[in-house]
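These notes concern the structure reproduced below.
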Amino acid sequence: MSNDLDDLRRERRKFSERAVKVRFIDKTSDNTAKIFRCCSQDISAGGLKLVSQSPLALGLEVPMEIDLGEMWAVIEVVAQVKWCLEVDDLPTYFIGIKLVDIQQSNFQVWKKFVANL
């Protein structure tokens, strides 16, 4: 990742691979609903970096489910795509996600989870 993207980060990132399910309406294919699974690569209190085989459009707000593991929970959030980079020909994309809407109870779980990484 470039230093420019690192400079945009407000919180310290911690490496954590978690299952993430993303649901969104694909505006490019007749507004069909799409769901895909990907995983996180790093996490902070305000967002995460995803590794995916599908790109997401910049600025898109998407409902997401983040599986924090057996000892925690699956939390639901709405996230905004801040950046998306294709990193190889498989294809693989790195996607920067900012949490923009999360229930207070889920946010407390998220903050504890990140603090314990």
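Here are some notes:
- Every residue from segment 64-100 that is exposed (fewer than 12 other Cβ atoms within 10 Å of the Cβ) and in a strand (DSSP E or B): 86, 87, 88
Residue by residue, here is whether (1) under 15 Å from residue 95 (Cβ atoms); (2) surrounded by fewer than 18 Cβ atoms within 10 Å (Cβ to Cβ); (3) at pLDDT 80 or above; (4) among the hydrophobic types (A, V, I, L, M, F, W, C) holds:
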{"residue": "9", "(1), (2), (3), (4)": "yes, yes, no, no"}
{"residue": "15", "(1), (2), (3), (4)": "no, yes, no, yes"}
{"residue": "23", "(1), (2), (3), (4)": "yes, yes, no, no"}
{"residue": "45", "(1), (2), (3), (4)": "no, yes, yes, yes"}
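- Residue that is modelled with the lowest pLDDT [pool: residues in segment 25-38 that are in contact with a Lys or Arg (Cβ under 9 Å, 6 or more places away or on another chain) and over 20 Å from residue 91 (Cβ atoms)]: 25
- Test: residue 82 is farther than 23 Å from residue 14 by Cα and of a type in the set (D, E, K, R): no
- The lone exception for residue 41 - which of (1) at pLDDT below 90; (2) more than 13 Å from the chain's Cα centre (by Cα); (3) at negative phi it fails: (2)
The values are calculated or read from the model by the stated rules, or taken from the named source; none is laboratory data. Quick caveat, the model's predicted, so the values are computed rather than measured. Counting neighbours? That spans all protein chains shown, and the Cβs are built from the backbone with ideal geometry, glycine included.
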